[in-house]
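Participant: Handing you a structure now.
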Amino acid sequence: MKGKRERSHVRLSLYFYWPLFFWIGMILCQVLVFVADRRSGLLMLPFTAAGSVCCLLLLLYARRRIRSDLLDFAVNYTQVQKALLHDLALPYGVLDTSGQILWSNGAMKEVFAEEKRKDVLQMMPELAKLGLPQTEAEGVRMTTVTYRDRIFRTEMNRIPLPEDFSGIGVGGEGGDGLIALYMFDETDLEGIRQEMEGGRMVAGYLYIDNFDDLMQSVEEVRRSLLAALIDRKINRYFGQAQGIVKALERDRYLFAIEQRHLAELRADKFSLLEDVKTVSIGNDMTVTLSIGMGTGGESFAQNFEYAQIAIDMALGRGGDQAVLKEKDNISYFGGKSLSVEKNTRVKARAKAQALRELMMGCENVIAMGHRLSDIDSLGAAAGVYRAAVTMGKKAHIVLNDVISSIRPMKERFSVEDGYPEDLFLTSAQALERADKEKTLVVVVDVNRPQLTECPELLSKVERVVLLDHHRQSSDSIEGAVLSYVEPYASSACELIAEVLQYIGDGVKIRPPEADALFAGIMVDTNNFLNKTGVRTFEAAAFLRRSGADITRVRKLFRDTLEEHKARADVVRSAEIFEGAYAIGVNDAPGLESPTVIGAQAANELLDVVGVKASFVLTPFQDQIFVSARSIDEVNVQLVMERLGGGGHLSIAGAQLPFTLEETREALKQTLHKMQEEGELT
């Protein structure tokens, strides 16, 4: 700044002395002409004398008047600038480095007319959070603030002081320098923006989960009335939100509402899900709906794509719930009731035939479950192995860590019993043998990629099949060529047992595989006590006919005395939270499979009178494993999803990278908050 000012002074001084330079030039020219030709010099002499007089007059007298005129112009120009700044419609002010207003124009004075304070950081806390610029190199700091129901976009930049002002404390406590503050009133613009945002379309699909079973549960003459009552409730609900509804089929609807009404539906947590359950004209079954909505897309078509993803997610999680997809965010509402078991096996037959076609089109099959595989994961993988081998394909099972609960069953798949040495592969071995185009990966008993035995395997091959009974989460496996997810099923082994019945006539299950599949069903149902339907017993009967031995299975899954004691200690020391939720800790040392003991203890805690749900925390591998169980009063899946886990309504879990006390506190806070919100009943 100083150098620039000095250069301006030099240019101005040179401008004032131009008559002197001109006079010197004239004298030189006169001398040169006189030397060259005396007569020409004498002729030019009067003109040189007149020019010299003019230059001297300009140098001595006109320069003062020019300086005076320049000074007057500068003063007037400064006044014009000041008037322009003062009358500028844009609020503008100068602050010191502590946030005090040193000067402001008329528009800013109007904004702060009712304020006695001069500290903008106190008047607008958003600026205090942003902080004032400390150096000129930072550039402009921008943020949006709200002040007295007005919305302002503010810009601040540091203005360094000239050296003449340094050291006199003009900058404030923060040092020398000033801060320019600009305030752009965007209240009206924000109102227009919100109006446009509120007018955006939210696309949605609505399915009646159990329409066919509902129609069969009432007399034929009442079926049209039942359908009309359901249709009326659907149209009335979305009509209150000024939406449009179009029936695509008897049990499927397409609807659209404006974005501004979505908050209302969120606030009442999509009460249509519960309201439609009151429809009763003699039907034995309760009406349940699945709703999928999409918003936030760049076009109407993309919103409908989001809605399709959302409805698939709602159905994959068991129905009776609403799913809202907003770009990368997915929200869930409802989903508190048990999934309704479907008596028809058309879907199982279709999925089995599709799986057969995929297996016939590959050279080798790799079955993979979740990390720390349990017997349900191992049994389901064994069933996939048998189907692939029957079709003449090379098959393997990915298994890294063998916990004590499945070791006896794994040892039955030995070379002596006719199984290949490379039946079980580690993750590294599986990645070596997998071929992008020739390998089919079948994922069982898990739908989240990060929880599989080898997540890298999913991206290495082109074809992935998903067979699972857990409710889908927002981060489930994407791009599967075949997905068979049925939350109503008791276990993955039940699904595989059904698939094996329809995948081909030549499938002959061997006793070790039948035992593993039967054990998977038995463990996941807690000896056929939890989540057991007609199809569960039919699958168990099929496995029994295939050679499963109940006595042999029971012997394989006997516990040691230490495991019995550890389970008893968890039950003995359990805490009853809020009078209904049992929270226990399984931290007994020396257990080979502590997570299994935790799950078993959670099941036993449900036998205590008054316990609606049980949660057992197990420290293992630098994480806290949470096993959650309930009978029918609490949806533990919703609880675990808030903690980053998932599962079923009555069986769920989570893995948290916290300490034991942090996990216990997080669980209590979640239970307390959900109970206040009414999400646990």
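Participant: Please enumerate the residues belonging to segment 585-600 that are closer than 18 Å to residue 663 by Cα and not charged (D, E, K, R).
Facilitator: Applying the first criterion (closer than 18 Å to residue 663 by Cα) to segment 585-600 yields 585-588, 594-595, 598-599.
Listed by number, the residues that qualify are 585, 586, 588, 594, 595, 598, 599.
Participant: Given 420, 408, which one is in a helix (DSSP H, G or I), surrounded by fewer than 18 Cβ atoms within 10 Å (Cβ to Cβ) and assigned by TED's automatic domain parsing to the domain that holds residue 543? Walk me through it before giving the result.
Facilitator: Working: 420 fails: in a helix (DSSP H, G or I).
Checking each option against the conditions leaves just 408.
Participant: A further question follows. Pick from segment 135-154 the residues that are among the aliphatic types (A, V, I, L, M) and touching a strand residue (DSSP E or B) at 6+ places or on another chain (Cβ under 6 Å): which of them is nearest to residue 177 (Cα to Cα)? Lay out the reasoning, then the answer.
Facilitator: Quick first cut of segment 135-154, residues among the aliphatic types (A, V, I, L, M) only: 137, 140, 142, 145, 151.
Subsequent filtering for residues that are touching a strand residue (DSSP E or B) at 6+ places or on another chain (Cβ under 6 Å) retains 140, 142, 145.
Working: 140: 15, 142: 19, 145: 24 Å.
Across segment 135-154, the extreme among qualifying residues is 140.
Participant: Test of understanding: among 402, 446, 465, 441, which residue is touching a residue at least 40 places away in the same chain (Cβ under 8 Å), in a loop (DSSP other than H, G, I, E, B) and β-branched (Val, Ile, Thr)?
Facilitator: On the way: 402 fails: touching a residue at least 40 places away in the same chain (Cβ under 8 Å); 465 fails: in a loop (DSSP other than H, G, I, E, B); 441 fails: in a loop (DSSP other than H, G, I, E, B).
Going through 402, 446, 465, 441 in turn, the sole match is 446.
Participant: Hey, can you tell me all the residues within segment 185-236 that are within 30 Å of residue 302 (Cβ to Cβ), of a type in the set (Ser, Thr, Tyr) and out of contact with any Asp or Glu (no Cβ under 7 Å at 6 or more places or on another chain)?
Facilitator: Residues of segment 185-236 within 30 Å of residue 302 (Cβ to Cβ): 186, 188-209, 211, 230-231, 233-236.
Still in the running and of a type in the set (Ser, Thr, Tyr): 205, 207.
Selection gives 205 alone.
Participant: Name the helices (runs of 4 or more DSSP H) wholly within segment 275-390 that hold at least 3 residues that are hydrophobic (A, V, I, L, M, F, W, C) and in the same structural domain as residue 505 (by TED's automatic domain parsing)? Walk me through it before giving the result.
Facilitator: Values: elements: 300-316, 346-360, 375-390.
Fully inside segment 275-390 and qualifying: 346-360, 375-390.
Participant: Go through (1) part of a loop (DSSP other than H, G, I, E, B); (2) surrounded by fewer than 18 Cβ atoms within 10 Å (Cβ to Cβ) and name the single condition residue 576 misses.
Facilitator: (1)
Participant: Conditions first: (1) surrounded by 13 or more Cβ atoms within 10 Å (Cβ to Cβ); (2) within 19 Å of residue 377 (Cα to Cα). Residue 554 passes all but one, so which condition is the exception?
Facilitator: It is condition (1) that residue 554 fails.
Participant: Give the residue, chosen from 381, 434, that is under 29 Å from residue 560 (Cβ atoms) and crowded, with 17+ Cβ neighbours inside 10 Å. Steps first, please.
Facilitator: On the way: 434 fails: under 29 Å from residue 560 (Cβ atoms).
Result: 381 is the single residue among 381, 434 that is under 29 Å from residue 560 (Cβ atoms) and crowded, with 17+ Cβ neighbours inside 10 Å.
Participant: Scan segment 652-662 and give yes if some residue there is at pLDDT 85 or above, of a type in the set (S, T, N, Q), in a helix (DSSP H, G or I) and out of contact with any Leu (no Cβ under 7 Å at 6 or more places or on another chain), otherwise no.
Facilitator: Taking segment 652-662 and keeping what is at pLDDT 85 or above, we get 652-662.
Those still in the list that are of a type in the set (S, T, N, Q) too: 655, 659.
If we keep only those that are in a helix (DSSP H, G or I) as well, we get none.
Checked segment 652-662: no residue is at pLDDT 85 or above, of a type in the set (S, T, N, Q), in a helix (DSSP H, G or I) and out of contact with any Leu (no Cβ under 7 Å at 6 or more places or on another chain).
Participant: If you don't mind, there's one more thing I want to ask. It is to be established whether one or more residues within segment 58-77 are modelled with pLDDT of 70 or more and surrounded by 10 or more Cβ atoms within 10 Å (Cβ to Cβ). Steps first, please.
Facilitator: Within segment 58-77, the subset modelled with pLDDT of 70 or more is none.
No; the residues of segment 58-77 include none that is modelled with pLDDT of 70 or more and surrounded by 10 or more Cβ atoms within 10 Å (Cβ to Cβ).
Participant: If we keep just the residues of segment 615-657 that are among the aliphatic types (A, V, I, L, M), within 19 Å of the chain's Cα centre (by Cα) and under 23 Å from residue 587 (Cβ atoms), which is surrounded by the fewest Cβ atoms within 10 Å (Cβ to Cβ)? Steps first, please.
Facilitator: Applying the first criterion (among the aliphatic types (A, V, I, L, M)) to segment 615-657 yields 616-617, 624, 626, 628, 631, 634, 636, 638-640, 643, 649, 651-652, 654, 656.
Restricting the remaining residues to those that are within 19 Å of the chain's Cα centre (by Cα) gives 638-640, 643, 654, 656.
Now restrict to residues that are under 23 Å from residue 587 (Cβ atoms): 639-640, 643, 654, 656.
Details: 639: 25, 640: 25, 643: 21, 654: 25, 656: 18.
Per the stated criteria, the residue is 656.
Participant: Please pick out the residue among 542, 577 that is under 28 Å from residue 634 (Cα atoms) and among the hydrophobic types (A, V, I, L, M, F, W, C).
Facilitator: On the way: 542 fails: under 28 Å from residue 634 (Cα atoms).
When all the criteria are applied, what remains is 577.
Participant: Name the one entry in 109, 116 that is out of contact with any strand residue (DSSP E or B) (no Cβ under 6 Å at 6 or more places or on another chain), of a type in the set (D, E, K, R) and either loosely packed, with under 14 Cβ neighbours inside 10 Å or at pLDDT below 85 (or both).
Facilitator: On the way: 109 fails: either loosely packed, with under 14 Cβ neighbours inside 10 Å or at pLDDT below 85 (or both).
The match here is 116.
Residue-wise test of (1) within 19 Å of the chain's Cα centre (by Cα); (2) surrounded by fewer than 20 Cβ atoms within 10 Å (Cβ to Cβ); (3) modelled with pLDDT under 85; (4) under 28 Å from residue 212 (Cα atoms).
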{"site": "251", "(1), (2), (3), (4)": "no, yes, no, yes"}
{"site": "259", "(1), (2), (3), (4)": "no, yes, no, no"}
{"site": "264", "(1), (2), (3), (4)": "no, yes, no, no"}
{"site": "273", "(1), (2), (3), (4)": "no, no, no, yes"}
{"site": "287", "(1), (2), (3), (4)": "no, no, no, yes"}
{"site": "296", "(1), (2), (3), (4)": "yes, yes, no, no"}
{"site": "329", "(1), (2), (3), (4)": "yes, yes, yes, no"}
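Participant: So which of 636, 609 ends up being among the aliphatic types (A, V, I, L, M), touching a strand residue (DSSP E or B) at 6+ places or on another chain (Cβ under 8 Å), in the same structural domain as residue 660 (by TED's automatic domain parsing) and free of Cβ contacts under 8 Å to residues at least 24 places away in the same chain? Please lay out each step first, then the result.
Facilitator: On the way: 609 fails: touching a strand residue (DSSP E or B) at 6+ places or on another chain (Cβ under 8 Å).
The unique qualifying residue is 636.
Participant: Yes or no: segment 224-232 includes at least one residue that is among the acidic types (Asp, Glu) and either surrounded by 14 or more Cβ atoms within 10 Å (Cβ to Cβ) or not assigned by TED's automatic domain parsing to the domain that holds residue 276 (or both).
Facilitator: At the first step, the residues of segment 224-232 found to be among the acidic types (Asp, Glu) are 231.
Retained after the next criterion (residues that are either surrounded by 14 or more Cβ atoms within 10 Å (Cβ to Cβ) or not assigned by TED's automatic domain parsing to the domain that holds residue 276 (or both)): 231.
Checked against the condition, which is being among the acidic types (Asp, Glu) and either surrounded by 14 or more Cβ atoms within 10 Å (Cβ to Cβ) or not assigned by TED's automatic domain parsing to the domain that holds residue 276 (or both), segment 224-232 yields at least one hit.
Participant: Since residue 544 meets every condition but one in (1) touching a helix residue (DSSP H, G or I) at 6+ places or on another chain (Cβ under 6 Å); (2) assigned to a helix (DSSP H, G or I), which condition does it not meet?
Facilitator: Unmet condition: (1).
Participant: Also, I was wondering about something else. In segment 477-508, which residues are surrounded by fewer than 22 Cβ atoms within 10 Å (Cβ to Cβ) and either touching a residue at least 60 places away in the same chain (Cβ under 8 Å) or outside any loop (DSSP other than H, G, I, E, B) (or both)?
Facilitator: Matches in segment 477-508: 481, 482, 483, 488, 501, 502, 504, 506, 507, 508.
Participant: Which of the residues spanning segment 601-651 are of a type in the set (S, T, N, Q) and in a strand (DSSP E or B)?
Facilitator: Going through segment 601-651, the residues of a type in the set (S, T, N, Q) turn out to be 603, 614, 618, 621, 623, 627, 630, 635, 637, 650.
Across segment 601-651, the qualifying residues are 614, 618, 623, 627, 630.
Participant: I need the full set of residues from segment 523-541 which are in a helix (DSSP H, G or I) and free of Cβ contacts under 8 Å to residues at least 60 places away in the same chain, in order please.
Facilitator: Within segment 523-541, the first condition is being in a helix (DSSP H, G or I), and the residues that meet it are 523-524, 534-541.
Of everything in segment 523-541, those that are in a helix (DSSP H, G or I) and free of Cβ contacts under 8 Å to residues at least 60 places away in the same chain turn out to be 536, 537, 538, 539, 540, 541.
Participant: Do any strands (runs of 3 or more DSSP E) lying entirely in segment 128-198 carry at least 2 residues that are within 17 Å of residue 94 (Cβ to Cβ) and modelled with pLDDT of 85 or more, and which ones are they?
Facilitator: Working: elements: 141-147, 150-159, 178-185.
Ranges flagged: 150-159, 178-185.
Participant: Yes or no: residue 291 surrounded by 18 or more Cβ atoms within 10 Å (Cβ to Cβ) and among the β-branched types (Val, Ile, Thr)?
Facilitator: Against the criterion (surrounded by 18 or more Cβ atoms within 10 Å (Cβ to Cβ) and among the β-branched types (Val, Ile, Thr)), residue 291 qualifies.
The values are calculated or read from the model by the stated rules, or taken from the named source; none is laboratory data. For clarity, every value in this text was computed on a predicted model and none was experimentally measured. All Cβ positions, even for glycine, are placed from backbone atoms using ideal geometry, and neighbour counts span all protein chains on display.
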